[in-house]
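The values are calculated or read from the model by the stated rules, or taken from the named source; none is laboratory data. Not measured: the values here are computed from a predicted model. Note: ideal-geometry Cβ built from the backbone for every residue, glycine included; neighbour counts use all protein chains shown.
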Amino acid sequence: MIVKMRKITVMLSRKETDSALEKLRGLGVVHVSHLRKPYSENIDELSGKLSLTEKSLESLQPSGRQEELEDEKVDQKCAEILKLEEKREKLEERLEKLNLQKSWFSKWGKISKSDLKILAGAGVYVGLYISNVKELKKIDKDRMIYVINKSGKILHLAHITRDKEDDLRKESSSIRKAELPEMGLQKINSEIEQIREEISNTQNLLENYGKYFEGLAGYRDSLKKRIEFMKVKHGMFYEESIACLQGFCPVKLVSKVKETAEKNGWGIAVSKPSDDDDVPTLVENPGWIDIVKPVFNFMGTVPGYKEFDISFWFLVFFSLFFAMIVGDAGYGLIFIAATYLLRRKFREAPSEPFSLFYLLSGATVLWGALTGTWFGSETIARLPFFDSVSIDRIGSFVEGSQDFVIFLTFIIGVVHLSIARMMRAFNLINTLKAISELGWVAVLWAAYFLAGMLVLNRPLPGFAVPLGITGAAAVLLFSNFQRNVAKGILKTIGNLPLDIISSFTDIISYIRLFAVGYATVVVAAASNEFAAGVGLGGAWGGLISATILFAGHGLNILLCLMSVIVHGIRLNLLEFSGQLGMEWTGKKYRPFR
């Protein structure tokens, strides 16, 4: 549920601004909205210090006994850390270049510019070239050419001649001359060792600064609070001796702000937010629904204040989508075991992600059991117990079941999307526009029957066409209803055909639940078949088969989880939310505290 907000305006004496903000921050319930762009040199100075502190922390890891760090010494320590980090980066960059030069000798051998100068002094000139087998055949056979290295069709050549001006590139434009490194191999190796030692010493110095990690982290957090305080202060409106602050507060907490205002003699005005206000969004749900919150946090999605909270429906249908996409009860048991072990390891972590994964894993086991899918093995599916709990109409290894599962995905799609339209109709219950939303429900069901006919050759019910026409007429008449009916119809009719087609394709898109789930079964079955084909006789055969099973099912599980993100989340955040008209443009409620 999206919590109702109230707009709070506080008026107070300018001279008591700091103390008033401290009290409001202690209260911790008002999401402050700046009345002007907050700017001061102090904010810039603090932001600069914050940037240096955060960069310093990126270069450190906590090490040794942590020591306290006085605020006055932080800038100095940060400068020292960043100087060491800059030195390390330059050394590593130099090391990378030297290693690249060193790799040159692995292709050309131990040769240097000084060696070539000595030979040139004796009247022997050596040129190094890169060519291919085809071009080499074109070169005059009388030339002294040696193949130093061959990599595929690429040749590294040495051309020896008495003529200083003799250049192989005259023979073919495809032949390239190779440039020697400035330093010889021995000198490069020596410098590499020296740089590695310098990097090690620099790293040791940085590790020594790790004893200040917690002190720097505390200073960083303190800076963030000070910056926030300064932004709130300088984002207020001032007029002579009066200061004005504005923000938003949940309805149930407004009384706390009023009490504080009365106690301190501030002026306060409380009102409903207007359409132009940028109201933050606070979503509150019972704990059993709140377990879906990690998914929204992962996606970074926040509904607008006037949009819908779809947490409940997202949880219900996401669990179903997850189960159908993964589709394997064996994988579901693995997920349950992994969730249990991770929960034991991370006891202090929030419980929501683990509760959510228990639910998703349980749903997967249930769906897998009903479809008779256990690690993609038909043999396991035919065992008496597993066979008794499966349903042939949706069985993974039952011939002809695929059409019914596709039909089932269309039913899920039309129900899912109809719920979205019904939510919109309920939200518009006191307006004629609610009728247009009910019209869309009729259009969706007509599209569902059409999808069954076109994709599965199911007969089109006689009422499907009248249902679609009636729904489209309701949409046409009531989407933009006004006194001038014709004008309202003209406003709607332009987009109506495309919107109807979009609703049809939205329902068709739910076929992905079948397609991805079926692919999971096929990959699992193929892994089993491949492993069995290797042969289980003997230790080596068993080891190879086990490796194939582990790699095949491991990859399949990884692909399943990726598919859940791509398809399972998409059906909720695009198709379902699209029917709701949601844009996910909200900003999170962050109270000044």
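For region 113-181, which fully contained strands (runs of 3 or more DSSP E) count at least 1 residues that are surrounded by fewer than 17 Cβ atoms within 10 Å (Cβ to Cβ) and of a type in the set (D, E, K, R)? Walk me through how you get there before you give the answer.
Numbers: elements: 125-132, 144-151, 154-161.
Counting at least 1 such residues, we get 144-151.
Of all residues in region 545-585 being more than 12 Å from Ile310 (Cβ to Cβ), in a helix (DSSP H, G or I) and among the polar types (S, T, N, Q), which is farthest from the chain's Cα centre (by Cα)? If we take residues in region 545-585 being more than 12 Å from Ile310 (Cβ to Cβ), in a helix (DSSP H, G or I) and among the polar types (S, T, N, Q), then Ser545 is farthest from the chain's Cα centre (by Cα). Here Ala261 does not fit the description of being touching a residue at least 12 places away in the same chain (Cβ under 8 Å) and either not assigned by TED's automatic domain parsing to the domain that holds Ser19 or not in a helix (DSSP H, G or I) (or both). Quick one: in region 66-98, which of the residues that are of a type in the set (A, V, I, L, M, F, W, C) and under 26 Å from Glu197 (Cα atoms) is surrounded by the fewest Cβ atoms within 10 Å (Cβ to Cβ)? Selected residue: Ala79.
Within region 195-209, residues that are within 11 Å of Ser59 (Cα to Cα) sit with their Cβ atoms under 9 Å from residues that are among the charged types (D, E, K, R) and part of a helix (DSSP H, G or I), at 6+ positions apart or across chains, in these pairs: Gln203/Arg88; Leu206/Glu85; Leu206/Arg88; Tyr209/Lys77; Tyr209/Glu80. Just one of the listed residues (Ala447, Ala442) is surrounded by 19 or more Cβ atoms within 10 Å (Cβ to Cβ) and either touching a residue at least 40 places away in the same chain (Cβ under 8 Å) or closer than 29 Å to Gly395 by Cα (or both), namely Ala447.
Every condition in (1) basic (Lys, Arg); (2) under 23 Å from Met236 (Cα atoms); (3) in a helix (DSSP H, G or I) holds for Lys107 except the one numbered (2).
May I ask you to verify whether Phe385 is free of Cβ contacts under 8 Å to residues at least 60 places away in the same chain, farther than 30 Å from Phe449 by Cβ, out of contact with any Lys or Arg (no Cβ under 7 Å at 6 or more places or on another chain) and of a type in the set (Phe, Trp, Tyr)?
Values: free of Cβ contacts under 8 Å to residues at least 60 places away in the same chain: yes; farther than 30 Å from Phe449 by Cβ: yes; out of contact with any Lys or Arg (no Cβ under 7 Å at 6 or more places or on another chain): yes; of a type in the set (Phe, Trp, Tyr): yes.
Taking the combined requirement at face value, the residue satisfies it.
Lys150: of a type in the set (Lys, Arg) and within 46 Å of the chain's Cα centre (by Cα), yes or no? It is true that Lys150 is of a type in the set (Lys, Arg) and within 46 Å of the chain's Cα centre (by Cα). Of a type in the set (A, V, I, L, M, F, W, C), surrounded by fewer than 18 Cβ atoms within 10 Å (Cβ to Cβ), free of Cβ contacts under 8 Å to residues at least 12 places away in the same chain and in contact with a Lys or Arg (Cβ under 6 Å, 6 or more places away or on another chain): is that true of Phe426 in this structure? When the stated conditions are applied, Phe426 does not pass them. Could you list, in sequence order, the residues of region 5-47 that are over 16 Å from Glu228 (Cβ atoms) and within 31 Å of the chain's Cα centre (by Cα)? Met5 - this is the single residue of region 5-47 that is over 16 Å from Glu228 (Cβ atoms) and within 31 Å of the chain's Cα centre (by Cα).
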